[in-house]
Structures are given as C-alpha cells and as structure tokens.
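Asks: I'd like to ask some things about the structure below.
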C-alpha cells in the first residue's frame, strides 16, 4: 500500500503544474456526489434485468446531475452504455478480477469540470497491489478505484475513492474499512477526500466503527459519514437496499463519506422510481458538498 501511494503521489507531482499542487482555497462552488450500486448486468432478474431498466439507471443519474458518481457492480458493457448515453462524463474503472473480466467499482466524472491527474486501484486484501487478490473471509476479490481530480471550477484538487465491500465475510468488511481509512490517512496532509461505496454494513456495525470510530491508537477518523451528520436527529427509515421493491426499512449500507475539510450541504437517499419501478435494487445515495 505504501508503495502504491508513493507512486501515485509522485505521478501527481510530475504531471500536475505547481499551481495545481499548491492550491489550497476554493471559491465555494458545490460538488454534487452520488454513489450508485447499479446491480450487475448479468444477473437473472426477470423483469428487472439490466436490459429492461438500463434507461432508468441513466435517467436516475440525469435527475440528480452529479459532478461525479461512483458505481458498484458495474460490468464493462454497463459502463459503456452509461457512457454512451451520458457523454458529458469520462469513466475510470477496471475489473476486480486478474483476468480483466467481472465487476468494476467505476467512477464517472464530468469531463468539462475535472482533469484526471492520477488513477489508481488497490485490492481489499493483505496484498493490495496484487490484482484479483482476496484475504480474510472474503468470498470474492474486492477492490477500490481512486482518482485524484483537478477541479477547474474551484481551482483545487481532491481525491475520489469508490469501493464495494464483500457481502459475506464479516472480517473482510471490517479489515477493508480499516484499509480504506488507512489509505485516506496516508494521503498528503490536507488532502480533500470523498468516498463512495456499497459497504454491505449498516450504521454502528464493526466495519462502520472501523471506518468512522475514534481509535485508541490513531485517534479521530479522517472521514465523516455525510448522511449521519445531516440527519443526526432523524428517525425515518434509511435503508438503501430495496430489492427492486422500494422498501427502506433495512440497513443503510451505501455511504458517501468525506474528509473533515469538506462542508456537507446536504446528504440524501434518492428513492427515485419510474412508473413504480426502481432502476436498481439499491437506492442511489447523494451528497452536495463544498470543498474548503
């Protein structure tokens, strides 16, 4: 992991101008972030198969108009379709499998607003630089895709991380959360970080605590849960897995998190539907942010 981070930092310094590296202020224009598990396109979902709902996935993204969206369970043909129908976005992502096949944790970002300075990928395992690797009790290889973007509007850079934790391995989810937290902590001091993902874990679960809780060894987490801050006193249902039924009484397993130098203007669960049908078995989750 340290080697990966060192390479990424070096590349950012080599390919970014001095003004990009040193800029620390923002003119306050908001950044609209979305996390969206679009449900793998090869699933045998009957009337909810990808071919019968792909237009609604595109429409759901259009409705929110994100500056970037982190997608999970994304096959290459799904990324291609979204990109063709939302040409204002560029895409970054790769398969979690060594052979290049299978799901991706992709990131779509507005081409006219952002320049990609660095793109990186690591696996949620004890050998994160080894494509397709898995550890602990993970049932499948899991990974994170990250970008360092230059925001032309705010004239500053920030990091986006997108991930998807294992759906079976409880130890793997907790260790993955600790790994993501460490990655964010090891970025250059003062870095702005936005994290999106399907974490397959609810609020106050061990992975949630590993991500956001105060540690006796490392202290305060570098990351904050946007929804928990905005809705601290709310008691409405906040489930994000809906099973194509629109239910909201389960756990909030999809999150948008940010570093502590980000102002959270809003954070929501988007329960959008079209003629009573839902674009995915997860609700998209969104946040409107201001970078400091």
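Asks: Checking the condition surrounded by fewer than 16 Cβ atoms within 10 Å (Cβ to Cβ) and in contact with a strand residue (DSSP E or B) (Cβ under 8 Å, 6 or more places away or on another chain), which residue from 229, 253 passes?
Replies: Just one listed residue meets the conditions, 229.
Asks: Taking the conditions exactly as written (in contact with a helix residue (DSSP H, G or I) (Cβ under 8 Å, 6 or more places away or on another chain), touching a residue at least 40 places away in the same chain (Cβ under 8 Å) and not in a loop (DSSP other than H, G, I, E, B)), does residue 122 satisfy them or not? Break it down into steps so the answer makes sense when it comes.
Replies: Numbers: in contact with a helix residue (DSSP H, G or I) (Cβ under 8 Å, 6 or more places away or on another chain): yes; touching a residue at least 40 places away in the same chain (Cβ under 8 Å): yes; not in a loop (DSSP other than H, G, I, E, B): yes.
Against the criterion (in contact with a helix residue (DSSP H, G or I) (Cβ under 8 Å, 6 or more places away or on another chain), touching a residue at least 40 places away in the same chain (Cβ under 8 Å) and not in a loop (DSSP other than H, G, I, E, B)), residue 122 qualifies.
Asks: Now, a different point. Name the residue, out of 141, 188, 131, that is surrounded by fewer than 21 Cβ atoms within 10 Å (Cβ to Cβ), closer than 16 Å to residue 104 by Cβ and either at pLDDT 95 or above or in contact with a strand residue (DSSP E or B) (Cβ under 6 Å, 6 or more places away or on another chain) (or both). Steps first, please.
Replies: Values: 141 fails: surrounded by fewer than 21 Cβ atoms within 10 Å (Cβ to Cβ); 188 fails: closer than 16 Å to residue 104 by Cβ.
Every option except 131 fails the conditions.
Asks: Scan 243, 197, 219, 213 and give me the residue that is surrounded by fewer than 16 Cβ atoms within 10 Å (Cβ to Cβ) and in contact (Cβ under 8 Å) with a residue 12 or more places away in the chain. Even if it seems obvious, please write down each step before you answer.
Replies: Numbers: 197 fails: surrounded by fewer than 16 Cβ atoms within 10 Å (Cβ to Cβ); 219 fails: in contact (Cβ under 8 Å) with a residue 12 or more places away in the chain; 213 fails: in contact (Cβ under 8 Å) with a residue 12 or more places away in the chain.
When all the criteria are applied, what remains is 243.
Asks: Quick check on residue 234: is it over 16 Å from the mean Cα position of the chain (by Cα), buried (at least 24 other Cβ atoms within 10 Å of the Cβ) and either free of Cβ contacts under 8 Å to residues at least 60 places away in the same chain or closer than 20 Å to residue 67 by Cβ (or both)?
Replies: Details: over 16 Å from the mean Cα position of the chain (by Cα): yes; buried (at least 24 other Cβ atoms within 10 Å of the Cβ): no; either free of Cβ contacts under 8 Å to residues at least 60 places away in the same chain or closer than 20 Å to residue 67 by Cβ (or both): yes.
No, not satisfied.
Asks: Here are 131, 141, 66: which of them is assigned to a loop (DSSP other than H, G, I, E, B), under 18 Å from the mean Cα position of the chain (by Cα) and over 25 Å from residue 289 (Cα atoms)?
Replies: 141 is the lone residue from the list that is assigned to a loop (DSSP other than H, G, I, E, B), under 18 Å from the mean Cα position of the chain (by Cα) and over 25 Å from residue 289 (Cα atoms).
Asks: Would you pick out the residues in region 95-120 that are closer than 15 Å to residue 194 by Cα and under 15 Å from the mean Cα position of the chain (by Cα)?
Replies: 105, 106, 107, 108, 109, 119, 120, listed by residue number.
The values are calculated or read from the model by the stated rules, or taken from the named source; none is laboratory data. As the structure is a computational prediction, the values presented were derived from the model and not from experiment. A quick note on method: Cβ atoms are made from the backbone with ideal geometry, for glycine too, and the neighbour counts reach across all protein chains shown.
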